[in-house]
């Protein structure tokens, strides 16, 4: 796999990532792999979908990430009675000025936590589509750009289904990554008890990265070199999801682009200015699993989207470095 010599210096990305990992780690015990995926989403300016059982720390991870960045942060608690205008904002008539004025909703922030997103109705969920894809919001006939960087972190409880509305595929496809935290180990759980014994460490968390710095790092990640064979590897994986007999809905071109960008960010995060196949393979499940729809027969055989992706990643030929 040939490499080029004229590549950007990504040491700043690695140093900043280390600061963020250390800062978030003051609140979140363990879960280094999950935190790494959160940073990949930040460096891509991609939206993050955190799904796990209650009490694992989904909201805590989102708030710790927001507190580590010197950015505006808003939280939206999604409920069945939440209206689209509660998210985007409204125009109201000001009797003092006799004019209509815009009252911005919580979506007008750098980082937006959509807590329990599947508890809102599809109408309210759909109001996020334009915001997440085009980074703008339209209220009445006025379109306004959202502040940059802009990142939606959504949480979902997969266990309790009563009073919930499953996210449509079009909505899920807008999320760059899906993260699961999982239960802590015995030692990690004991460390959690000790850390939260007297106070919540989140209350004392301070920002370590400014918004302008994050934007520069995002531009730097886009310059990470992707060799032609690695690019073909990404396309081959996406094509394999569309041709697999156990998958009803395969990965979209948006998904393959997400895998491409996420691989660039992961490489930069690790201090490399070029992508290797292992970067792609590491991200296949987090980037693609929530976008695929397995056939009913596959589910009856116990096959999930994750297991099918593992099979695809294992069988797709990996590019190797050419001898010089």
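The values are calculated or read from the model by the stated rules, or taken from the named source; none is laboratory data. Note that the structure is a prediction, hence the values are computed from the model and not measured. Methodologically, a virtual Cβ is constructed for each residue, glycine included, from the backbone with ideal geometry; neighbour enumeration extends over all protein chains shown.
Key figures for this structure:
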quantity: Residues that are part of a loop (DSSP other than H, G, I, E, B) and touching a strand residue (DSSP E or B) at 6+ places or on another chain (Cβ under 9 Å), drawn from the range 207-226; calculated: 207, 208, 224, 226
quantity: Failed condition for residue 99, given (1) surrounded by 14 or more Cβ atoms within 10 Å (Cβ to Cβ); (2) free of Cβ contacts under 8 Å to residues at least 12 places away in the same chain; calculated: (1)
quantity: Failed criterion for residue 299 (all others in (1) assigned to a helix (DSSP H, G or I); (2) at pLDDT 85 or above; (3) more than 16 Å from the chain's Cα centre (by Cα) hold); calculated: (2)
quantity: Test: residue in the range 184-203 that is touching a strand residue (DSSP E or B) at 6+ places or on another chain (Cβ under 7 Å) and surrounded by fewer than 18 Cβ atoms within 10 Å (Cβ to Cβ); calculated: no
quantity: Test for residue 254: is it outside any loop (DSSP other than H, G, I, E, B) and without any contact (Cβ under 8 Å) to a residue 40 or more places away in the chain; calculated: no
quantity: Candidates 179, 208, 226, filtered to the one that is surrounded by 13 or more Cβ atoms within 10 Å (Cβ to Cβ) and within 22 Å of residue 307 (Cα to Cα); calculated: 179
quantity: Any chance residue 259 is farther than 24 Å from residue 115 by Cα, surrounded by 20 or more Cβ atoms within 10 Å (Cβ to Cβ) and free of Cβ contacts under 8 Å to residues at least 40 places away in the same chain; calculated: yes
quantity: Residue in the range 105-127 that is at pLDDT below 85 and either in contact with a strand residue (DSSP E or B) (Cβ under 8 Å, 6 or more places away or on another chain) or part of a strand (DSSP E or B) (or both) present; calculated: no
quantity: Count - residues of the range 180-199 that are touching a helix residue (DSSP H, G or I) at 6+ places or on another chain (Cβ under 9 Å) and not in a helix (DSSP H, G or I); calculated: 5
quantity: Those strands (runs of 3 or more DSSP E) lying entirely in the range 41-95 with at least 2 residues surrounded by fewer than 20 Cβ atoms within 10 Å (Cβ to Cβ); calculated: 73-77, 89-94
quantity: Filter result for residue 287 (in contact with a strand residue (DSSP E or B) (Cβ under 9 Å, 6 or more places away or on another chain), buried (at least 19 other Cβ atoms within 10 Å of the Cβ) and not in a loop (DSSP other than H, G, I, E, B)); calculated: yes
quantity: In the range 130-157, the residues that are within 15 Å of residue 114 (Cβ to Cβ) and either assigned to a strand (DSSP E or B) or free of Cβ contacts under 8 Å to residues at least 24 places away in the same chain (or both); calculated: 130, 137, 151, 152, 153, 154, 155, 156
quantity: Conditions (1) assigned to a helix (DSSP H, G or I); (2) in contact with a strand residue (DSSP E or B) (Cβ under 9 Å, 6 or more places away or on another chain); (3) closer than 26 Å to residue 270 by Cβ; number of the one not met by residue 177; calculated: (1)
quantity: Residue check for residue 269: buried (at least 21 other Cβ atoms within 10 Å of the Cβ) and either modelled with pLDDT under 95 or over 16 Å from residue 43 (Cβ atoms) (or both); calculated: yes
quantity: Some residue of the range 26-33 being in a helix (DSSP H, G or I), under 23 Å from residue 159 (Cβ atoms) and touching a helix residue (DSSP H, G or I) at 6+ places or on another chain (Cβ under 8 Å); calculated: no
quantity: Members of the range 290-324 found to be farther than 28 Å from residue 224 by Cα and buried (at least 19 other Cβ atoms within 10 Å of the Cβ), listed by number; calculated: 294, 298, 305, 308
